[in-house]
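Presented below is the structure to which this report refers.
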Amino acid sequence: MPGNLNSAAEKKAFVMEAFDTLFNKRDYKAAESYWSPDYVQHSAHIAPGREGLFDLVRALPAGHRHESGLAAAEGDLVFLQSRYSGTGQPRALITIDIVRISNGLLAEHWDVWQMEASATESKSGLPMFGARFPD
């Protein structure tokens, strides 16, 4: 739950915990303690506000999963690499979620995403997320 968010490590842990609470646990009541009631959504595929985000998650298939990857924090912004699988898409989505923290809550969100490349599609031979390609 929200607490001391002074260091970059605390901010990154807070964002990862918030995403796990909403996307994996689907605990909407607890998620309200992470997302501001005035939450601003810049993503082109998510309806405005906190309820738009929560409605998106409610509509996801039961097998949906969010995984946190690399994370960085600068000032009031946290950049989180994420993998969203089980969304009903043919492949997982790999994103960079950018969130702004204000008054101890997630106040604003931007994202950039693409479908995850397979081992045969990766020209570098390296996975887009984690240390290995998904099975």
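The values are calculated or read from the model by the stated rules, or taken from the named source; none is laboratory data. Keep in mind that what you see is a predicted model, and the values were worked out from it rather than measured. Counting neighbours? That spans all protein chains shown, and the Cβs are built from the backbone with ideal geometry, glycine included.
Picking from Phe54, Phe23, which residue would you name as being of a type outside the set (S, T, N, Q) and touching a residue at least 60 places away in the same chain (Cβ under 8 Å)?
One residue alone meets the criteria, Phe23.
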Review point. Hey, which of the strands (runs of 3 or more DSSP E) in the stretch 17-135, taking only ones fully inside, have at least 2 residues that are surrounded by fewer than 13 Cβ atoms within 10 Å (Cβ to Cβ), in contact with a Leu (Cβ under 8 Å, 6 or more places away or on another chain) and modelled with pLDDT of 95 or more?
Key: none
